[in-house]
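So the structure is just underneath, and the comments pick up after that.
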Amino acid sequence: KLIILMMIANFGTVMAYSGFNGALMDVSQRESEATRGSVVADVNIVHYVFMVASSFMTGIGLNSEDYGGTFSWTMGFNAIMWVCAAASLLTIPFSWYCIQEVKGERASMPPFRYLFNLLQERVIYRYAAFRFFYNVFSQITVTASRGTYLIKLRGLYWNWRYIIIVCEVAVVCIDVIPTMLTIWDVYRSQWFWLGVPLIAEVPSAAASYVTQLFMLEIDNTKGFEATLMGLGVTTESVGTPFATVITKTIDGYFDIERTFIEQDDHHVRSQVTYTYIIAYMLNLVSVIFVFLLPKQKAQIHELQREGHRSKFWGIVTHKRLP
C-alpha cells in the first residue's frame, strides 16, 4: 500500500516537473544570446539549496538507533512525510498567483510525430547519444550550487566539452582521496568520508548545468518546450539501469560482499581498491563522448542550419528510449 501511494506521489511530481520545465524553457529562450542560461542557473541554484536542506533534514531526523544511527531521538517517518506534503502544498498558491502565462496556439503537429522528426536531426541524436553514454559511465548523484553559479557568472561562453572533461576529472581526483585513505585505514572518520566528497559537488553540478544549456538553443520548439526538456532527462535516465548492470557485473568478480568487508584484511582491501580503480577508469572513459556534444551555442545553430537528417539514427535513438 505504501509503495503504491509513493508511486502516485512520484507520478504527481513528474507531471509538475513537466509543466515547470516547459515554462522554464519558454522563459529561457526569451533571454538574449549573451545571457541565455542565466534563468536556468538561478533555478538550479535554488533547487540544489533546497535539496541540501531536504537531505540535511532526513540525515538528522532519521539518525536514531531504529534507522541505524546513534541519536537518542528521531523525527520519525510520518513526520518526514508530513513535511514533504506541506512543502508540496505550499507550491499551489505560488503556482496559481505568481505564474503569469499567456495562452498560446495549439501545437502544429502531434507530439510523437514532432519528437520523431526531431530525433532525426543530427544535432539532436548526437546530443541524446552523449547524454546516454555519459550517464552510463559517470553515474554520480550529487547536489551543489556553487559550480552552477560559477559557470553562470563566468563560463556561459566557455567550451562545453572542456568544461565537462575538466569537471569529470576533478570529481574523480577529489573522490579518490577519502576513498583510498578509508579503505587502507590511513584515516577513518564518518565526517571525513562524507565531508571531503562534498567538494566534488562543485564540478559535478557545473557539468550537469552545461548539458542543460544545449536544449535552450534548439529552434522551432514552440508548443513542445516540455517535450524537448523531457527528451534530455529521459535519455539520461535510460542509462541508469545500464550503469547498475555494469556495476553489479564488475563487482561480482571480486570479494567485496559484507562478509568479506567485515574481515577488513589486506585481501579485502585490495579487492575493494580494484573495484574503485575500475569505476574511476570508467568514469574517465565517459569524457570520450563529449565529442558528440557541440562546443558552444554557435555550433548548435550551425548544425541546425546545415539541416542534416538521418532517419536511421532517428529510429535507433527512438528505440533506445523507453
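Values in this text are rule-based calculations from the coordinates and carry no lab data. Please read these numbers as outputs of a predicted model, since none were measured by experiment.
Just a few scattered comments:
- Residues whose amide H lies under 5 Å from that of Phe71, counting only those 5 or more places away or on a different chain, are Ser64, Glu65; hydrogens are built 1.01 Å from N in the peptide plane.
- Percent of Cα-Cα distances greater than 14 Å, calculated over region 249-322: 76 percent
- Fully extending the segment from His47 to Met7 would add 12.2 nm, taking 0.36 nm per residue of separation and subtracting the current Cα-Cα distance.
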